[in-house]
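> Right, I'll just put the structure down here and ask away after.
A short reminder: the numbers here are calculations on the coordinates, not readings from a lab. Since the structure is predicted, the reported quantities are computational estimates derived from the model, not experimental observations. Glycine gets a Cβ as well: all are built from the backbone with ideal geometry, and neighbour counts include every protein chain shown.
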Amino acid sequence: MGVLDFVGNLLKYTVFILTIILAFLIFYHYFSGLAYLPEDYYQTAKSMYGDVGVHDIKNLTAILNRTMLPPYKEDVFDSSEASSYLEWYLEGHGFKTYIARSDALRHTWVIVELDDGSRVAIEATALTENKYSPPGIIDAPDGRYRNMSITWKEYLSKNSRQPYEEFLKDYLYYYNPPKIFDNPGQMIGIASDLRYPGWAKLSYDEIDWWNSDPFTQFYPSSHWD
């Protein structure tokens, strides 16, 4: 084999490998969900809020207690938009946050993974202005978040004779979601098709909280498509 043949083959294989790598990167960009979100989506949140350092239930509760979202309005700013915003907001504070979804209930909520690996379910709509009940935390099945949970407050307000453990069973689905996503982009993109084939996925206007007031009035969300 001559030098020219060798160089030609080398270039051919190099182009082939680079094409495979490029195809993988494009696929990953869409599968990750980031392709469906505004540019610098999470970088913006991190620069605006900053990592709290310790991601425990104490710091999470403190952040949620000072958080109020726009008023709940069906098909405008409901559970999907509220959860999408809260996921972005908490990621900006350094919390590993997921979005949970039940198609049967047509409802979306947030799950936060703490530094110790435990998870906390949050009802995002409980932080909306007209449904305000901070911190929106749903108690875990073992009752570990009872004192800071809205489930415990609801139980006390009902003066129920039912044991709290039995009352809490109605909320078990918060910790066993049929669907869970890393970000709102995955709920509308190919990740939903591949991870939950045959299931309906959300549309763009169900996750674009930045197109709701008052976010449309402030930079940078006012410049997001």
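> Treating region 90-135 as a set of equal point scatterers at the Cα positions, no solvent, please give the Debye-formula log₁₀ I(q)/I(0) at q = 0.19, 0.25, 0.26 Å⁻¹.
-0.68, -0.98, -1.02
> Would you please name the trypsin sites (Lys or Arg not before Pro) within region 69-176 that are DSSP coil residues with at most 15 other C-beta atoms within 10 Å of their C-beta?
Values: sites: K73, K96, R101, R106, R119, K131, R144, R146, K153, K158, R161, K169; in loops: R106, R144, R161.
In loop regions of region 69-176 (DSSP not H, G, I, E or B), the sparsely surrounded trypsin sites (Lys or Arg not before Pro) are R106, R144, R161.
> What three numbers, in Å, describe the spread of the alpha carbons of region 32-154 along their principal axes, ordered from the longest?
40, 35, 26
> Hey, another quick one. How far apart, in nanometres, would the label points at A200 and N159 be if each is projected 7 angstrom from Cα along the Cα-to-Cβ direction?
4.1 nm
> Taking other Cβ within 10 Å of each residue's Cβ, how do W152, W88, W199 sort, fewest first? List each step's numbers first, then the result.
Numbers: W152 19, W88 24, W199 12.
Listed from fewest to most nearby Cβ atoms, that is W199, W152, W88.
> Still on this structure, please answer the following. Once you place label points 7 Å from the Cα toward the Cβ at D193 and Q43, how far apart are they in nm?
Simple spin-label model gives 2.8 nm for this pair.
> Then there's this: Starting at 0 and stepping by 5 Å, how many percent of the alpha carbon pairs of region 109-225 end up in each bin?
2, 10, 15, 17, 17, 15, 13, 7, 3, 1, 0
> Moving on. Please compute the contact order of region 145-225 in relative form: average sequence separation of alpha-carbon pairs under 8 Å and at least six residues apart, divided by the residue count, as a percent.
Details: 32 pairs, mean separation 11.1, N = 81.
Relative contact order here is 14 percent.
> Considering the chain as a Gaussian network with a 10 Å cut-off on Cα pairs, which listed residue, A121, A104, A191, attains the greatest mean-square fluctuation?
Looking only at A121, A104, A191, the largest GNM fluctuation is found for A104.
> Got the relative contact order for the chain handy, in percent, Cα pairs under 8 Å and 6 or more residues apart? Let's see the in-between values first.
Details: 320 pairs, mean separation 50.4, N = 225.
Across the chain, relative contact order equals 22 percent.
> Setting aside same-chain residues fewer than 8 positions from K153, which lysines have a Cα under 16 Å from its Cα?
Once the sequence-local lysines are set aside, what remains near K153 is K131, K169.
> Determine, for M148, M48, the number of other Cβ atoms within 10 Å of each Cβ, and report the residues in order from fewest to most. Mind dumping the intermediate values first?
Values: M148 21, M48 12.
The order, fewest Cβ neighbours first, is M48, M148.
> In whole percent, what relative contact order does region 83-205 give with Cα contacts below 8 Å and a gap of six or more residues?
Working: 171 pairs, mean separation 25.9, N = 123.
Rounded, it is 21 percent for region 83-205.
> Given the options S149, S212, S192, which has the most mean-square fluctuation in a GNM of the chain, springs set between C-alpha atoms less than 10 angstrom apart?
S212
> To continue, here is another question. Counting other C-beta atoms within 10 Å, and keeping those with at most 14, which DSSP coil GluC sites (Glu not before Pro) do you find in region 70-119? Could the numbers behind the result be given before it?
Details: sites: E74, E81, E87, E91, E113; in loops: E74.
Filter output for region 70-119: E74.
> Span-like helices, the chain: DSSP H, alpha-carbon axial extent 15 Å or more, mean Kyte-Doolittle 1.6 or greater, which ones? Before the final figure, lay out each step's value.
Values: long enough: 3-31 (41 Å, 1.70); 79-92 (19 Å, -0.59).
Qualifying helices: 3-31.
> Which of Y164, Y132, Y85 moves most in a GNM of the chain, Cα contacts under 10 Å?
Y164
> Semi-axes of the chain's equivalent ellipsoid from the Cα gyration tensor, sqrt of 5 times each eigenvalue, largest first, rounded to whole Å? Present the calculation step by step, with values, prior to reporting the outcome.
Details: eigenvalues 324, 78, 60 Å².
For the chain, the semi-axes come out at 40, 20, 17 Å.
> Taking 0.36 nm per residue of separation and subtracting the Cα-Cα distance, what length does fully extending N65 through A104 add? Display every interim value, and only then the final one.
Working: separation 39, 0.36 × 39 = 14.04 nm, distance 2.95 nm.
Taking 0.36 nm per residue and subtracting the Cα distance, the gain is 11.1 nm.
> Using the count of nearby Cβ atoms within 10 Å as a rough guide to exposure, how do H93, H223 rank from fewest to most?
Numbers: H93 20, H223 11.
Taking fewest neighbouring Cβ atoms as first place, the list is H223, H93.
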